[in-house]
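Quick notes on the structure that follows.
Values in this text are rule-based calculations from the coordinates and carry no lab data. Just so you know, these numbers come straight off a predicted model, no measurement behind them. Heads up, the Cβs are rebuilt from the backbone with ideal geometry, glycines too, and the neighbour counts pull from every protein chain shown.
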Amino acid sequence: MRQSSLISSFKHQKTKTEKQKNNHHKKNHTNPPQKTNQALTTILENIQDGLIIVDNNWNIRYITQRAAKTLNIETKKNIDKNFWHQFPKYQKTPLEKNLRTAMTQKNNHHFEWHNPTTDTTWEISTYPKNNTLVITWQNITKRKKQEKNLHLNNERHAKAFNHCQTALLITRLTDGYLIDANEAFLLTFGFNRKEIIGNTTAKLNIYPDPNTRKNFTHILQTQTTIHNIEVLMQTKTGNPITLITSIDPITINGQNYTLCTFTDITERKKFETIRKENEEHLKLSQHLAHMGNWAHHITENKTVWSDELYHIFNLQPDKYEPDRETHKNYIHPDDFERVAKIADTFALEGKLDESTFFDYRIVLADGTIRDLHTEHTITEVDKEGKPTKIMGIEQDITERKKAEQQLELHRRYLEQLVEERTNQLADSERLATIGQTAGMVGHDIRNPLQAIMSSLYLIKEDLALMTESEEKKDVLQELDVIGEQVSYIDKIIADLQDYARPIKPEYAEVDIAELIDSIFQAVRLPSMVTLRVNIDALPKLRTDPTLIRRTLTNLVNNAIQVMGEGGVLTIRTYQSSKAGNVVIEVEDTGGGVPIEAQDKIFTPLFTTKSKGQGFGLAVVKRITDALGGAISFKSQEGKGAKFIIELPANQSENVANS
């Protein structure tokens, strides 16, 4: 009766507007209090959150069944009991502080609390009602972990994206809307992030000539990728900039986007304009980032470098007199033949005002490798038209190359990720098909197998009545072979069904020593295999005896099979260093697990044996996981393998089935 009255009290805490509405319609909409209380009780007992109501003295007035189960108490026995007396472990914690604040201030209160006892996080809400406090909570541990992992992944990718020195822009392929841009892009064009996101390049007006954008869009529609196209654009303030642009398609969360990269070559274009006007000394190159200029007088075999070029080669201008041969000493060995051929041919056959350009690598005195972009131009020729003077620039593009390589790695990673997810989907579909057919296979094959085993038994009974002879002995041996093969087929069916069907443990008290002894009543131990059993005195396990027996039988049979020429089979049990855990070890002296197979040993349909379908160890792992345990192994080729199972001594059904 107390719970019903409290529910009724909680139910009728209404606003003034609600009361007026009820008074207006009370003649046609009256509900008996008992039915109202029953309806409210049904609602409260079916909500997913825990709910408890306490009065001003912290005495429990109502608690839902779900809340009682979460707190591991009984509902009826705890009514009228003091909340803090029932849960002393929550005193002097942030939970107590927040609840008492809610009780005192009489305001709705929402907060999160991490329970260190169970290592779980709760989302708690309090609602003061007259002289009571309604407390609801929800376990959000899984959600918090997912949010943390998502935050870390997003933060990691965001750092890589934003810290890239190349200007990057991501657009949606379907409508051209801008999704994101890194700091380098914002700095290059002079926009802030709010102006970029959700906009289009047309609205941003970054193309001085609308026809340029139309031509660029047409190229994009006819090609899947665009690499190194020179485009004239402008900043937010209208300043023209020349960019080298590349566009690659990418897929994010199943949607198609384009990744656009922009390299600002405005300063380099200015330098080329000055060079075309035949200004011999291109002093502007000193202001360009990592770009130096040089002039080579062919007749005198004399070369002049700018200060920036000395800096690129990490040399002191006052201690070094450059020439072409000295420069060649710095060219990377793998690029030397190509660079020498281009430069020498151009110096011999180039025409006035003709230019050539290429990329290559240099190796500095300290071993550092740098990427350079060079451009050569014939500025003077003799009477016969043969070059007498060549001018050029050298630009350090190492960082740009690294950025391009990083982008390529990201692209390959995305492609690999898509391929892996596709393969995983194919494997999942294959295993689903196995699950659908497992029951049918077991029924259709086990029935004739049972008939064969019955016939073998009857034949052996008949042979027992016959006089001993060599023929009788041979027949019995053949029958044993048939029996072993039938048992092997039955094991394959059992493994297949065990892997396909859902595992629902049925818990009972298990004496591990007796269980291990029962295994060798069913498994035939060859005479050349020695069995050693070392069992510590252990408390009884609360686990599923059938599943444990199935697991250990699989491991024992595997050990026997790998010791075809004999060996030692050792079984050990002992208390784990983790409180409440028990360890079972099955060790053999066979050939061990090959190194290349160790990562896949628990994978279904994978086996290193000539016989078998590769479900045995996969079944062992599924069973161990279902029982709340863990399985691992240690192996060295040629020296055997040891499989280690660690199980909780007092596993609960709630944990195992979660």
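The trypsin sites (Lys or Arg not before Pro) found in the range 518-589 that occupy coil by DSSP, while having at most 16 further C-beta atoms within 10 Å, are R524, K540, K578. Restriction of the GluC sites (Glu not before Pro) in the range 355-384 to DSSP coil positions whose beta-carbon has at most 12 other beta-carbons within 10 angstrom yields E384. Taking amide H positions as modeled 1.01 Å from N, with prolines and chain starts lacking one, the residues under 5 Å from I397 and 5 or more places away or on another chain are D371, L372, H373. For T120, the residues whose amide H sits under 5 Å from its own are N115, ignoring neighbours fewer than 5 places away on the same chain, with H placed 1.01 Å from N.
Loop-located trypsin sites (Lys or Arg not before Pro) across the range 304-365 with a Cβ neighbour count of 12 or fewer within 10 Å are K351, with loop assigned by DSSP. Taking amide H atoms as placed 1.01 Å from N in the peptide plane, the amide H of T530 lies under 5 Å from those of G567, V568, L569, each 5 or more residues away in sequence or on another chain. Over every Cα atom in the range 45-142, the radius of gyration and the widest Cα-Cα span, Dmax, amount to 12.5, 35 Å.
Applying a threshold of 31 Å to the alpha-carbon distances of K89/K504; K97/K540; K148/K401; K145/K621; K578/K639; K81/K144 flags K89/K504; K97/K540; K148/K401; K81/K144 as lying beyond it.
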